[in-house]
1. When only residues in region 116-154 that are at pLDDT below 90 and more than 15 Å from the chain's Cα centre (by Cα) count, which is surrounded by the fewest Cβ atoms within 10 Å (Cβ to Cβ)?
2. Please verify whether region 51-59 includes one or more residues that are modelled with pLDDT under 80, touching a strand residue (DSSP E or B) at 6+ places or on another chain (Cβ under 9 Å) and outside any loop (DSSP other than H, G, I, E, B).
3. The conditions are (1) modelled with pLDDT of 90 or more; (2) in contact with a strand residue (DSSP E or B) (Cβ under 8 Å, 6 or more places away or on another chain); (3) exposed (fewer than 14 other Cβ atoms within 10 Å of the Cβ), and Ile96 fails exactly one of them. Which is it?
4. Pull up region 99-115, narrow it to residues that are in contact with a Lys or Arg (Cβ under 9 Å, 6 or more places away or on another chain) and surrounded by fewer than 19 Cβ atoms within 10 Å (Cβ to Cβ), then point me to the one that is farthest from Pro166 (Cα to Cα).
5. Looking at the structure I just gave you, is Leu79 touching a residue at least 40 places away in the same chain (Cβ under 8 Å) and outside the structural domain of Arg61 (by TED's automatic domain parsing)?
6. Which residues, counting only those in region 85-125, are among the acidic types (Asp, Glu) and part of a strand (DSSP E or B)?
Amino acid sequence: MRSVPGRVWGWLEKSGLAIPIALGLVLAGGLALAFWIGGGFRDPDAIEAGNIAEYEQGLPRYFEIDRFWIVRLEGDEILALYDKNPQSGCRTLWFINDEFMETSGWFNDRCQNHFYDYTGRCFDAECTLGLSRFDVDVNEEGEIFVDLSRLNLGPEYDPDDVPLLPPQP
């Protein structure tokens, strides 16, 4: 007489379910192993933007295809600023030599000539909002992930704000 597992397997073979179930178990085991070894699933909207060690404070890096700027602030704080001016819809670029408020190093929208500091805050009385920003995650190894599905409005214009600018030459 066969054991219970042997009888169950025999029934599964006869019904044509043995191979699909075996393949499913192998696939589930492979996925579990991938999560355990590889750190798990990453949302396809989470763009890998390199390692924090690759970024220097004062030099924003542009991701043209996904249209955002990575800015490294003091320490390990990272911002991902959307390159679209919230008022005009124009692309906002970084200009290290642009002079505004007697300092250099500003994001600027050439359509309406709005100026934004290193953190994306607006410093032009004409604009009402700073640059929008994406959620950012930095893992234990310093890898940066930008969630393009999570866009947050930038800060409102505040005439009392003091701009944060990159180190001046």
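The values are calculated or read from the model by the stated rules, or taken from the named source; none is laboratory data. Just so we're clear, the structure is a prediction, and the values are computed from it rather than from any experiment. All Cβ positions, even for glycine, are placed from backbone atoms using ideal geometry, and neighbour counts span all protein chains on display.
1. Ranking the qualifying residues of region 116-154, first place goes to Ala125.
2. Filtering region 51-59 down to residues modelled with pLDDT under 80 leaves 58.
So of that shortlist, the ones also touching a strand residue (DSSP E or B) at 6+ places or on another chain (Cβ under 9 Å) come out as 58.
When the remaining residues are screened for being outside any loop (DSSP other than H, G, I, E, B), the result is none.
Within region 51-59, none of the residues are modelled with pLDDT under 80, touching a strand residue (DSSP E or B) at 6+ places or on another chain (Cβ under 9 Å) and outside any loop (DSSP other than H, G, I, E, B).
3. (1)
4. It comes out as Cys111.
5. No; evaluated as a whole, the condition is false for this residue.
6. Step one: of region 85-125, the residues among the acidic types (Asp, Glu) are 98-99, 102, 109, 117, 124.
Across region 85-125, the qualifying residues are Asp98, Glu99, Asp109.
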